[in-house]
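Down below is the structure, laid out as structure tokens.
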Protein chains: 2
Amino acid sequence: MKEFELIKEYFSFSQSHSDTVIEGVGDDCAVLAVPDNRQLVTSVDTLVDGVHFFSDIDPADIAYKSLAVNVSDLAAMGAKPLGFTLAISLPKADTKWLEIFSRGLKQASEAFDIPLIGGDTTQGPLTITVNVLGTVKTDKALLRKAAQQDDDIWVTGYLGDAAAALKLHDKAQTQALSESEGYLWERLLRPTPPIRFAKKLAKLAHAAIDISDGLSADLGHILEQSHCSAKIKVSSLPLSEQLIDCVGLEMARDYALNGGDDYELCFTAKSSMRNKILNLAEDFKVNVHRIGTIETGDKGNLQLVLDGKPYQPKRQGWQHFSN
Amino acid sequence: MKEFELIKEYFSFSQSHSDTVIEGVGDDCAVLAVPDNRQLVTSVDTLVDGVHFFSDIDPADIAYKSLAVNVSDLAAMGAKPLGFTLAISLPKADTKWLEIFSRGLKQASEAFDIPLIGGDTTQGPLTITVNVLGTVKTDKALLRKAAQQDDDIWVTGYLGDAAAALKLHDKAQTQALSESEGYLWERLLRPTPPIRFAKKLAKLAHAAIDISDGLSADLGHILEQSHCSAKIKVSSLPLSEQLIDCVGLEMARDYALNGGDDYELCFTAKSSMRNKILNLAEDFKVNVHRIGTIETGDKGNLQLVLDGKPYQPKRQGWQHFSN
């Protein structure tokens, strides 16, 4: 099957989408309307076979996650989704694989309300690159550098689930998972970045980042770029009962602090915003938890406290090329 | 070396660029200003090691071409460059390779006046995905579907050079190339999409496409989407003297029609625009040639004529996954 037919067949499901997509797939570029008084935000993430996902994962899950991890970056800016492009390299034009992949992509596209506006299909080792576009009100993006002294530190959802699920891969291939394990596995396969909540959060919060490399590492970027420090109450970390059920409380905290792959938000806001944030979270059925405070002091210093004493986790945040 | 350090070290050269880049590399998303009364255009292209470039090519040339082929898509819309993201998968963090690669990327970024605004570095088989962003005046993009009956068909530059150069790879590695061969080889490595010319062309032309898969195939997309046919005078195809020197006139025409990798523009315009187009080309030192006419008749029918008779080239346009 030829490239153009592939694109037509599997990646044209957003053709009739919103009135912001003037021209979608099928020309040299897509053409999009950007409303006045809004800025454009954009981010790109690549998922590589065997590095970012297991080779035997359902292609629908690979597709879903490829888009979700990028939408998570839009959420971290408080942005409204505008569209995304997909660049996919495939060893061969496997129509069965593509059909399942495109089904998962369409599910994610609809779940996050972001249309597919363009793409490129090439022959090569399986590699998926998604570039997302969104808009924010002019100068209202949630930036990493915007945390302020005495801000509350919040996170959405529960942390550590996805990182713990990495250990379940072999079991998931050969035997039935327990109910708790099944929940963790789903959290790894299908992240749920709180994109609608985040869009409204932009006017309540100061700084935000999405948690992809682990809370400690990602909060660290906020601290570094905002030239401040932070204190986290380890007992306030949101842990799912399924995670505690599977790995115990201490390991659960470790995964929450340094696991990664959560695709939840970490954000900071004035303490006077607490009620508004809780109400917003309720409106969008998002769990939010206040876990600590922004402090002055050494640039980037992250203090973990449990029962009034310093807490030392075992693992460090995930880094590519760190070996 | 860790991912964040890699990005900082090699891909932060556009930090202080234009006033349209509000936030560049370093947050969850880049933030860009889009002027009022302009639409956004975007396109993505992937280059895979061993498929789109020879593995032993200088990394600076790989980088240059990765950006150039994407800028070519902006040119085909008549767009002004806004910025680009780079997603690169590398087998290992080879700092020497990255240093040379980033040098070539910076050269292209400056040559085409388009800043690097974000990226992702991952471990995997060498794959380079560039996503370009540009802007056009609202509803003034040059679309494939906009060709009109009796339009002139024009192309920029000379066609077929890059396709012919593919045959020179082995020779280029082991011996000196002739002057003509060296010219062709450079045309393959460093495409020169006429981006500044194209931006001004938007108000003179109807339809446009960039020539990446060969003139016949790419003009074919205009014909298909504009529901028209075309007649091309084969004697009017712009052929470099170096190409004719290397492969002879007949093969040169073949390469020009069906070679691909030119990254020049094919566009259509009213015959009353001829002088304005020639003047614009002179202003921007771009070669333009009028090669045929848009006609009514069978959808997508491309008639090649030489000395008043139908002309039959030997090769067909390049397609991925065509085997």
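The numbers here are math on the coordinates, done by the rules we state, and not lab data. Please read all numbers here as calculations on a predicted model, not as lab measurements. Using ideal geometry, Cβ is built from the backbone for each residue, glycine included, and neighbour counts are taken over all protein chains shown.
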In degrees, nearest 10, range 0 to 90: what is the angle between the Cα axis of helix A:95-111 and the longest Cα principal axis of chain A?
50
Karplus-derived 3J(HN,Hα) from phi for segment B:171-181 (6.51 cos²θ - 1.76 cosθ + 1.60, θ = phi - 60°), whole Hz, x at Gly and Pro, runs 5, 4, 7, 10, 9, 6, 8, 5, 4, 5, 5
Spin-label point model (7 Å from Cα, Cβ direction): what's the B:Ser271 to B:Thr296 distance in nm?
1.6
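Would you calculate the volume per residue, in Å³, of the smallest convex hull containing every Cα atom of segment A:201-269? Mind dumping the intermediate values first?
Working: hull volume 6.5 nm³, N = 69.
Dividing the Cα hull volume of segment A:201-269 by its residue count gives 93 Å³.
Cut-off is 10 Å between beta-carbons; in what order do B:Thr268, B:Thr293 appear when sorted fewest neighbours first?
Working: B:Thr268 29, B:Thr293 18.
Ordered by Cβ neighbours within 10 Å, fewest first: B:Thr293, B:Thr268.
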Regarding chain B, what are the three Cα extents along the principal axes, ordered largest first, in Å?
64, 54, 38
Square roots of five times the C-alpha gyration tensor eigenvalues of segment A:3-137, ordered largest first and given in whole Å, equal 24, 17, 12
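As a footprinting exposure proxy, order B:Asp150, A:Asp218, A:Asp19 by other Cβ within 10 Å, with the fewest listed first.
Taking fewest neighbouring Cβ atoms as first place, the list is A:Asp19, B:Asp150, A:Asp218.
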What list of whole percents do you get for P(r) of segment B:144-310, with Cα-Cα distances grouped in 5 Å bins up to the one holding the largest distance?
2, 9, 19, 21, 20, 14, 9, 4, 2, 1, 0
Peptide B:246-259: average number of partner chain Cβ atoms within 10 Å per residue?
0
May I ask you to work out the translational diffusion coefficient for the protein assembly as shown at 37 °C, viscosity 0.692 mPa s, via Stokes-Einstein with Rh from the Kirkwood sum over Cα pairs, reported in whole µm²/s?
127
I'd like the antiparallel share, as a percent to the nearest 5, of DSSP beta bridges with both residues in chain A.
75
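Can you give the Rg to Rh ratio for segment A:17-78, taking only C-alpha atoms and Rh from Kirkwood? Write down the numbers at each step before the final one.
Values: Rg = 15.1 Å, Rh = 14.2 Å.
Dividing the radius of gyration by the Kirkwood radius yields 1.06.
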Explain nothing, just compute: Karplus ³J(HN,Hα) = 6.51 cos²θ - 1.76 cosθ + 1.60, θ = phi - 60°, for every residue of segment A:225-242 in order, whole Hz, x for Gly and Pro.
7, 9, 6, 8, 10, 8, 10, 10, 8, 4, 5, 8, 4, x, 10, 6, 5, 5
Expected sort for A:Tyr10, B:Tyr263 with the fewest Cβ neighbours (10 Å cutoff) up front is A:Tyr10, B:Tyr263
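Using DSSP to call loops (not H, G, I, E or B), can you name the trypsin sites (Lys or Arg not before Pro) in segment A:74-105 whose Cβ has at most 13 other Cβ atoms within 10 angstrom? Don't skip to the end; give the middle numbers.
Numbers: sites: A:Lys92, A:Lys96, A:Arg103; in loops: A:Lys92.
In loop regions of segment A:74-105 (DSSP not H, G, I, E or B), the sparsely surrounded trypsin sites (Lys or Arg not before Pro) are A:Lys92.
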In square nanometres and to one decimal, what's the mean projected area of the convex hull around the Cα atoms of segment A:77-197?
10.8
Long-range amide H partners of B:Asp28 with built H, under 5 Å
A:Arg144
